[in-house]
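Right, one structure below, let's go through it.
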Amino acid sequence: GEPVPDRLEVVQVVEVANEEMWVDYLVRREAIKEELLLEAAALVATNDQVKIPPRHSPGMAVETESSVSGKPLTVFVPEAGFPGVGAFHLQYLIESGLPGPCTETAVNEVWLFHGTRPMAVAGITTENFKIDLAGSHAGSLYGRGIYAAENCTKADEYSGVDRASGLCTMLLCRVTLGKLFYTAEVAPDARQCEEACLSGGFHAVLGDRKACRGTFREFCLFDEDQIYPNFVVHYKRVSAQSAR
């Protein structure tokens, strides 16, 4: 395969405004919320708290650590909740700088990256994800679904380089995970993963490659209405050699 880049450098970010897909997403999110309320399902949600130093005011930077990569992360004190709030959830601090409403933890709604080929972007943002093609580029370890990741490095494995511009593309998506089917197996049963979500009462697969391989967690969904491509990110892969 191709060598792993030292870093990914963002060149352009485009916000997607697809009303039809957004409405379909909201309808599906509400349906999952009702299912979870009926089942009283236990959800996986991040509870990382970031303490706000004394005398920090809205807009000031706060240094913390990413719960995904473990690397340093800079967030900013939001306008909401001041004065008197000494800590915020990390997820809220990250989202406060993004357009649109915050995610709903009650349905396990999160922001995830989805790597794609540049030629596929138009179809994803103007029509919908094609589940039958989603796993064709980098395999289908957890079934024939839509793959997304917490870490952009993982999503980059699914991205291709546009020959004309030399840029790669990934999507930053709102994703309703709902009730997760968890697996940390090195070689999971893809059919079992599919059936768990299509007829077994689960809404998405959490493939914990961090636990079994020391890499990254990956998520797989089988309903295109559970994922909304909110931003198209054009970027380039940078290696130490190419940066010279």
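Tabulated results
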read-out: Equivalent ellipsoid semi-axes, the range 143-209, via Cα gyration tensor eigenvalues times 5, rooted, Å; value: 27, 13, 11
read-out: Long-range amide H partners of residue 65 with built H, under 5 Å; value: 73
read-out: Amide H partners (placed H, <5 Å) of residue 11, local residues excluded; value: 234, 235, 236
read-out: The range 193-238 shape via C-alpha gyration tensor axes, a/c threshold 1.5; value: oblate
read-out: Nonlocal amide H pairs with residue 231, under 5 Å, H built at 1.01 Å; value: 16, 172
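No lab work stands behind these numbers, since they all come straight from the coordinates. Quantities reported herein were computed from a predicted structural model and do not represent experimental measurements.
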